[in-house]
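Peer 1: Sharing a structure, written as structure tokens. Questions coming.
The values are calculated or read from the model by the stated rules, or taken from the named source; none is laboratory data. Since the model is a prediction, treat every value here as computed from it, not as a measurement. Cβ placement follows ideal geometry from the backbone for every residue including glycine, while neighbour counts extend to all protein chains displayed. Quick note on the areas: whole protein, heavy atoms, side chains included, nothing else; ligands and nucleic acids left out. Shrake-Rupley method; radii C 1.70, N 1.55, O 1.52, S 1.80 Å.
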Amino acid sequence: VFKDATLFFARSTRSLASVIPAMEHMSRTLDWYIQDEEHYEHSICAALSLAKKTLVKYYNLTDSVNTYRIAMVLHPRYKTAYFKKLNWTRLWIESARKLVRNEYDQVY
């Protein structure tokens with residue numbers, strides 16, 4: 001999954017709005033492998049859990065950078081529907097909408 005993510009972002013056509021869906025995909029993929037303990041050694045599952053912990057650390061940091069939320073809300077494919085589909089909290093979604101509105105009001 002990390003190799004795929006690296007190749008995905010190495011393409012010149014990727015945008016900031018693709019970061020959160022990519023991290024979400026990596027998170028789900030790691031969860032799937034971590035839960036499949038009968039097919040993987042304990043050491044592999046432990047390494048996957050550490051990778052997931054690191055991913056979550058950086059994933060959570062996207063909340064502190066407004067441009068990620070703005071890019072997602074303004075992206076024609078995602079908008080707030082992406083977050084609703086993944087059951088993100090209503091408070092977080094409304095905060096992202098307000099952030100976009102406030103940024104627009106300040107700049108334009």
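Peer 1: HN-Hα J couplings of region 88-99 from phi, Karplus 6.51/-1.76/1.60, θ = phi - 60°, integer Hz, Gly and Pro as x?
Peer 2: Each residue of region 88-99 in turn: 5, 5, 4, 4, 5, 5, 5, 4, 5, 4, 5, 4 Hz.
Peer 1: Rounded to the nearest 0.05, what FRET efficiency do Ser43 and Asn102 have when you use their Cβ-Cβ distance and R0 = 41 Å? List each step's numbers first, then the result.
Peer 2: Details: r = 48 Å, r/R0 = 1.17.
So the FRET efficiency works out to roughly 0.30.
Peer 1: Hey, for a label at His75 modelled as a point 7 Å past Cα toward Cβ, could you say which residues of region 25-58 have their backbone N under 15 Å away?
Peer 2: 25-27
Peer 1: Can you give the FRET efficiency for Leu61 and Arg11, using 1/(1 + (r/R0)^6), R0 = 30 Å, r = Cβ-Cβ distance, to the nearest 0.05?
Peer 2: E between Leu61 and Arg11, to the nearest 0.05, is 0.85.
Peer 1: So, one more: I need the peptides 38-44, 80-86 ranked by packing, meaning the mean over residues of other C-beta atoms within 10 angstrom, with the highest value on top.
Peer 2: Descending packing order for the listed peptides: 80-86, 38-44.
Peer 1: Which whole-number percent is the relative contact order of the chain (Cα, under 8 Å, 6+ apart)?
Peer 2: Once normalised by length, the contact order is 24 percent.
Peer 1: Leaving out ligands, DNA and RNA, and with a 1.4 Å probe, what % of the accessible surface on the chain is carbon or sulfur? List each step's numbers first, then the result.
Peer 2: Details: 4390 of 7960 Å².
Carbon and sulfur atoms account for 55 percent of the accessible area of the chain.
Peer 1: Which Cα, out of Asn102, Pro76, Asn66, lies furthest along the positive dipole direction of region 66-107 (beta carbon charges, K/R +1, D/E -1)?
Peer 2: Among Asn102, Pro76, Asn66, the one farthest towards the positive end of the dipole of region 66-107 is Pro76.
Peer 1: Calculate the FRET efficiency for Lys84 and Asp36 from the Cβ-Cβ distance with a Förster distance of 35 Å, rounded to the nearest 0.05.
Peer 2: With R0 = 35 Å, the Cβ-Cβ based efficiency is 0.75.
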